[in-house]
1. For the stretch 55-79, how many residues are assigned to a helix (DSSP H, G or I) and either more than 27 Å from residue 156 (Cβ to Cβ) or free of Cβ contacts under 8 Å to residues at least 12 places away in the same chain (or both)?
2. Among the residues of the stretch 91-109, are any surrounded by 20 or more Cβ atoms within 10 Å (Cβ to Cβ), assigned to a helix (DSSP H, G or I) and modelled with pLDDT of 90 or more?
3. Given (1) at pLDDT below 95; (2) assigned to a helix (DSSP H, G or I), identify the lone condition not met by residue 118.
4. Restricting attention to helices (runs of 4 or more DSSP H) lying wholly within the stretch 126-218, give those where 1 or more residues are touching a strand residue (DSSP E or B) at 6+ places or on another chain (Cβ under 6 Å), buried (at least 16 other Cβ atoms within 10 Å of the Cβ) and touching a residue at least 24 places away in the same chain (Cβ under 8 Å).
């Protein structure tokens, strides 16, 4: 399964870069998902870090297919040398039989987007920690909060993060928001943003947990799940 996941991940990354309107930014996104510095990647590619920086910043002509292949291969090789965390995360993403009823939508953005774009897409109101809205959003997961709390164990809950924790976790069918925030605290992995959908008023404990963990907490007033999903899919 590990070898299959490695091959699938390599194909997906290369495909995203080739089809992207901004290949350099897409390369940067994946480098950051893997947690690899420009210097480390350049060392493995036997090039200068400034070359990596120029590709990512669009200051060089878009890399050709052979360069993209080398970059992808080295990202994966470095991950394997570090224990294969990202490859394992990717393989878990395809264990759909476990979380198919819980995850209503999951998306990785080809190029990270500013938090404000996602907040606008869900017509959100920022409840707390607006000052921590500095990280770009790499993707989102829309979650049926009731099924997640009732059915997911600790390991399965981690699969909600997709390929990166630098994403928005969007909980639907929320009554007060307390349970999702407790679940996140227990896991100890901090998403870039939490969006609550369905709550008329958010529990004070949920707000305090968000403050404690420095998680921007957003309330979406959109009436229906369909409208919420349509707003997100427009991104």
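1. Count: 14.
2. No, that holds for no residue.
3. (1)
4. 145-151, 178-187, 204-213
The values are calculated or read from the model by the stated rules, or taken from the named source; none is laboratory data. Since the model is a prediction, treat every value here as computed from it, not as a measurement. Positions of Cβ are backbone-derived with ideal geometry, glycine not excepted, and every protein chain shown enters the neighbour counts.
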